[in-house]
Amino acid sequence: MPGIEKLPIEETLEDSPQTRSLLGVFEEDTAAISNYCTQLYQAMQRIYDAQNELSAATHLTSRLLKEYDKQRFPLGGDDEVMSSTLQQFAKVIDELSSCHAVLSTQLADAMMFPITQFKERDLKEILTLKEVFQISSDDHDTAINRYSRLSKKRDNDKLRAEVVEDVYTSRKKQHQTMMHYFCSLNTLQYKKKTALLEPLLGYMQAQISFFKLGSENLTQQWEDFLGTIGTSVQNVRREMEEEVGQMQQTIQQMERSCDPLYAPCDPDPAYSSVCRSLTRKQGYLHIRNKTGLVSSSWERQYFFTQGGNLMHQGRGEVAGGLVTDLDNCSVMAVDCDDRRFCFQVTSFDGKKVVTLQAESRKDCEEWIATINNISKRIYLSENAEELAARVNQSALEAVTPSPSFQQRHESMRPSSKGRSGRASSISSVGSEPSPALSVLSLDALVAPETPIQFDIISPVSEENLGQNKTAAQSGRRSNPFGESGDGTSEDSEDSILHQLFIVRFLGSMEVRTAESVDVISETMRQILAARAIHNIFRMTESHLLVTCDCLKLIDPQTQVTRLRFPLSSVVQCSSHQDNRRLFGFVLHPAGGRGDSRAVCYIFESNNDGEKICDSIGLAKQIAFHSEMDRKAVEKRKEEDKAKEKQQEELSKQRQIEKDLEEQSRLIAASSRPANPPAPDGQFLVLSNSQSEDSDAGEEGKKQGESEA
């Protein structure tokens, strides 16, 4: 006999769409078997009824033939030959009637009983199990939806315990019902053969027994054939019994081993750890669908990764549909107000964002790690999981992030004590880099043991600390992010350029040189590798405001400035060669370019990072030209002041010359004769008072000349 198709009982707990599709095929096969069995039952019932009718008709014929002698025919006489012949026929037909009666009994036992049992017991049992399975599946879906709708803000232990118990009971009931349902369907594949062969075997054996007296040779041939069929039926029955025994053992083992998996909460980490080297994953997730401008709904679907794509498939669907492309995508855990264990997948171009909810924290971390591995295209290699594990291990040896902000703050201090503390803290956390990675890494640009800052914390300086102390003494509220609100707001309002971009902060680290063109790409490699190793997928989203004076990182919700970078401190800015959404810039500290220390900041944008770099370059050019214009205006003002001063000096000199001329004229007038002759020949005599006045005027003129 050919192989028997079976439903996998081991996959009943997962309840994947593939298993449901295969279950649908078996259910369609069961429906076809039921329809065909009904038709065959009707046909055999007609045979049985016909055989009973034949037996009754034969008995009636025999009885009529025996009563021939009692008939009185008007034109017929006593025909003893005819009577004896008919009596013989009656005897033979009576024996045939007895044989037909025996045949009817054999058909009832050997033909009608097996097919009636199969139709009334086996098929109805499967239909009953199907209804019970459908009810348990609906109860499980209802319990899962109720568990998924547990509020994150209003955490009620009693309600959560009731919901978890409900999920446990419904899932266990569904699993057990599904296993027994699968067992019955698998058994049906054997029973349908026996249910079809046994009635035919009984029918043929009854017919052979009926015709055995008249056809010995034919009976022998049919007996050999039917003997072979009977042996095959016995073998199938024996194989069915063995398979049923194995399925019962599997059901018992699955019930014992899957009992901890019925609860939706996280299992014991020692029992089941998170696997971070996966390149393929499948399972049920909830996806958020927008139903309006503000409202949204969650739908539970089966998701799986296929190559570099994320697919989803609903129950009853034959094939899955594309959700998003995972190549060069970004994935991170997000906080949703109404759901737990959520993560967000953003496409390469940033146009499509998918929010998904896992059933547990372990499942959420495995999904994030798997999508992160797929985004790096590790799945294209032959040994994808080994390569993912090797890449993670290599990155772990190459990069060690800063364990705390305190060590980061101490590393920014120029004192030797802080640097020694930083080196000791790093050596205690990290490990020595491998020789291969030491050759590949650019040690001249970024030190292998440089700590990495993954969160946004404003740099602390003595000047800011002094300002905060002064503000505290004066009673004024200080900005917790280390900026002075008044001056920056005025600079932003007076700035010519205002461009706003949505960015996500990936990390920052200290670099050895700020002039090299490869320092930003090497910093990106170090930060991305550290995030992948330590599973840091959460990124802080901010608004990057580019002005002619500075770069600002603004909180999109509170509109508070998180960080402020003076534009004059930005040395260079560039984007990633392959992933254009990644960009970064190198910033010199407040000490100026004479200080060898510099910090490189790495961000991820929703659009092209080159546009942001071009905007920063444009801002620097505008700032440069503005500075040149300012210097030109100051120079012009100085020239105007010099001209005004020169004009004032000339006017003073002219006034002095005018005064000197006036004094000279008065002196000349005083040097004339005292009594000049009058026109009529008489002399003019001055009075004593006039003479005294003239003497006083001459003395004043002399004093003014001396002073001049």
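Quick notes on this structure:
- Scanning region 103-126 turns up no residue that is more than 30 Å from Gln205 (Cβ to Cβ) and surrounded by fewer than 18 Cβ atoms within 10 Å (Cβ to Cβ).
- Taking the numbered list (1) modelled with pLDDT of 85 or more; (2) among the polar types (S, T, N, Q); (3) under 22 Å from Leu528 (Cα atoms) in turn, Gln407 passes all entries but (1).
- Pair list, Cβ under 7 Å, 6 or more apart: region 127-139 residue aromatic (Phe, Trp, Tyr), other residue open to solvent by less than 80 Å² (accessible area, probe 1.4 Å): Phe133/Thr177; Phe133/Met178; Phe133/Tyr181
- Residue, farthest from Ser170 (Cα to Cα), within region 1-43, restricted to residues that are assigned to a loop (DSSP other than H, G, I, E, B) and open to solvent by less than 50 Å² (accessible area, probe 1.4 Å): Ile4
- Of the strands (runs of 3 or more DSSP E) that lie entirely inside region 276-344, those containing 3 or more residues that are under 12 Å from the mean Cα position of the chain (by Cα) and over 23 Å from Glu14 (Cα atoms) span 330-334.
- Hey, Thr305 touching a Lys or Arg at 6+ places or on another chain (Cβ under 6 Å) and open to solvent by less than 80 Å² (accessible area, probe 1.4 Å) or not: yes
- The set of residues in region 510-541 being surrounded by fewer than 22 Cβ atoms within 10 Å (Cβ to Cβ), more than 25 Å from the chain's Cα centre (by Cα) and within 30 Å of Thr558 (Cβ to Cβ) consists of Glu510 alone.
- Residue check: Ile135 meets all listed conditions (1) at pLDDT 90 or above; (2) open to solvent by less than 80 Å² (accessible area, probe 1.4 Å); (3) of a type in the set (A, V, I, L, M, F, W, C) but one, namely (2).
- Odd one out for Val353, checked against (1) crowded, with 16+ Cβ neighbours inside 10 Å; (2) under 19 Å from Asn579 (Cβ atoms); (3) under 11 Å from the mean Cα position of the chain (by Cα): (1)
- Scan of region 234-281 for residues that are open to solvent by less than 40 Å² (accessible area, probe 1.4 Å) and at pLDDT below 75, ordered by number: Ala263, Pro264, Ser272
- All of Ser148, Ser209 fail the test of being out of contact with any Gly (no Cβ under 9 Å at 6 or more places or on another chain) and within 30 Å of Glu14 (Cα to Cα), apart from Ser148.
The values are calculated or read from the model by the stated rules, or taken from the named source; none is laboratory data. Remember, it's a predicted structure, so these values are computed and weren't measured experimentally. Quick reminder, even Gly has a Cβ in these numbers, built from the backbone with ideal geometry, and neighbours come from all protein chains shown. Just so you know, the surface numbers come from the protein's heavy atoms only, side chains and all, with ligands and any DNA or RNA stripped out. Shrake-Rupley method; radii C 1.70, N 1.55, O 1.52, S 1.80 Å.
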